[in-house]
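Here's the structure we're looking at; comments come further down.
The values are calculated or read from the model by the stated rules, or taken from the named source; none is laboratory data. In this text the structure is predicted, and so the values were computed from the model without any measurement. Cβ coordinates were reconstructed from backbone atoms using ideal geometry, including for glycine residues, and neighbour counts include every protein chain displayed. Calculation scope for accessible area: heavy atoms of the full protein, side chains included, ligands and nucleic acids excluded. Shrake-Rupley method; radii C 1.70, N 1.55, O 1.52, S 1.80 Å.
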Amino acid sequence: MKDMVRWFLLLILSFMLIGGKLAFAGDVGTMLKAMADPAGAPFFPVVMQVLQVLTWMLHILFVYTSIGGLFFTIYGFTKKEERWQRLAKATLELAKVSVSLAIVLGVAPLLFYQVIYDPLWYTSANLSAWWYVLFIVFLLVGYYFIWGAYFTKDKPSMSMLMSVLGVLFLLLVGFIIHVVNYQALYPEKWLEWYTNGGRTMNISGWNIYAFNVFRYLSFLVFPSIAVTGVFLMLYNWYFRSREDMDKDYLDWAGKLGARSAMYAGIGWLVSHILYIFTIPADWGAKGSIFTWLSVLGLVLCAGVVFSSQKNPAKMAIPSLLAGSVALLLIAVFREYLRVASTARFGYSIYSYKLNLEFLSPLLFFGTLLTGLILYAYAWWMAYQAGKTPKGKVYEASETEHHLGDLSVFVVILWAIVFIGVGLIVVVRNYG
């Protein structure tokens, strides 16, 4: 029976293909609307779209320092000089922490994407289902290799090997996510991919249907080096006030970061422009203000980093701000591509069925506010403690003690509300 249904569906899909690509293209919009969740969006799609852009920006920032940190670690361990060995251990620590933050911050943009672009995400993920499932496995394996590198950091050869394996798995994870996101931009090709041109049904989930090397380089590889280079400038700026830190080493690390950020930034800009040239003409992206703003943001960042070569410590904060603006504009451009790719078929998230449900958004924004308060306090204390010379203890001010009490109170209040809402929902549904 299953085989009969399978072949019947294949026959129908084949007739659709025989009908011609133009005829099918005209039905893509209908297909996308039919595939959308009939329950609709629980909140205004534009709000979710903005939140998706902002949370993706934070997520990808730590993805960049994860991969870029490992690049510097691997190169540093190939050198015999003491300063390179020291830097390799510092960037390994950066990569280890960044992976954790990238994982935590990667949940939110994915959830927003699934809610307002569910036909795109789920179809593409099913086309390459095995790869999508394995990305979690590869991420865990890469993460464990990074921890292995960290625990063996006093054995440079072993730590370097672990770092190489770690970065390879992270790049593989990035490749999988790139493919799934890129395939989602071409709904007019889904039927052809799924039926192998009308000849058979591709249900293995092992196929990779679309890959753009310029998009991969401009969204992952080059920015990883550039962003980590800016981090090394901040590393120089941050620790300069400590009496127990070697100023010559810090200046060397800052100049290395500024130089790396400049060269990688050029690669980032070039690959980004080359990717823009590969975008299909019917998207209208080449003349879009969002496209050219993303280019302008990278040019601005490159200009600031170029001017920082002589004094990286002084220009560390301006470079951070310029980089943040560039990254935000890249995030906006990335979201614009989804809008442009679906607008060709009359599909728009702004016409998504709205099924307002205020409890979930309130919980989200409450959790967000709780997280901001908690992390603001934790990062501020870490910032202050890190500037304290080794062997000394940082004494918190009275205001900081009060902020600590407020953070604890907010977390307890959030836990009570979160658990209480869960219990109310369970009782209402099953009581």
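Scan region 199-222 for residues that are surrounded by fewer than 16 Cβ atoms within 10 Å (Cβ to Cβ) and basic (Lys, Arg) and report the count. Within region 199-222, residues that are surrounded by fewer than 16 Cβ atoms within 10 Å (Cβ to Cβ) and basic (Lys, Arg) number 1.
For region 343-357, a residue qualifies if it is of a type in the set (A, V, I, L, M), outside any loop (DSSP other than H, G, I, E, B) and open to solvent by 70 Å² or more (accessible area, probe 1.4 Å), and exactly one does: Leu354.
None of Leu191, Leu217 is farther than 17 Å from Ala129 by Cα and in a helix (DSSP H, G or I) except Leu217.
For (1) in contact with a Ser or Thr (Cβ under 8 Å, 6 or more places away or on another chain); (2) at pLDDT 85 or above; (3) surrounded by fewer than 13 Cβ atoms within 10 Å (Cβ to Cβ); (4) not small (Gly, Ala, Ser), each residue gets a yes or a no:
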site	(1), (2), (3), (4)
Ala331	no, yes, no, no
Glu335	no, yes, no, yes
Ser341	no, yes, no, no
Leu359	no, no, yes, yes
Glu398	no, yes, yes, yes
Trp414	yes, yes, no, yes
Phe418	yes, no, no, yes
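Out of curiosity, is Val99 surrounded by 17 or more Cβ atoms within 10 Å (Cβ to Cβ), β-branched (Val, Ile, Thr), in contact (Cβ under 8 Å) with a residue 60 or more places away in the chain and under 21 Å from Tyr182 (Cβ atoms)? When the stated conditions are applied, Val99 does not pass them. Based on what the data block shows, is Ile266 modelled with pLDDT of 95 or more and open to solvent by 70 Å² or more (accessible area, probe 1.4 Å)? Yes: the conditions hold for Ile266. Checking each residue in region 310-340 for being under 28 Å from Ala39 (Cα atoms) and within 20 Å of the chain's Cα centre (by Cα) picks out Ala331, Val332, Arg334, Glu335, Tyr336, Leu337, Arg338, Val339.
One residue stands out in region 192-224 among those that are over 15 Å from the mean Cα position of the chain (by Cα) and of a type in the set (A, V, I, L, M): the one that is nearest to Tyr263 (Cα to Cα), namely Val213. Here Ser241 fulfils each of the conditions (1) surrounded by fewer than 17 Cβ atoms within 10 Å (Cβ to Cβ); (2) over 30 Å from Ser324 (Cα atoms) apart from (2). Of everything in region 105-152 that is under 19 Å from Val180 (Cα atoms) and outside any helix (DSSP H, G or I), the residue that is farthest from the chain's Cα centre (by Cα) is Ser128. For Trp147, the conditions (1) open to solvent by less than 50 Å² (accessible area, probe 1.4 Å); (2) modelled with pLDDT of 95 or more; (3) farther than 30 Å from Lys353 by Cα; (4) among the aromatic types (Phe, Trp, Tyr) all hold with the exception of (1). Limited to region 306-323, what total is found for residues that are open to solvent by 10 Å² or more (accessible area, probe 1.4 Å) and either in a loop (DSSP other than H, G, I, E, B) or more than 17 Å from Ser260 (Cα to Cα) (or both)? Going through region 306-323 one residue at a time, the tally reaches 7.
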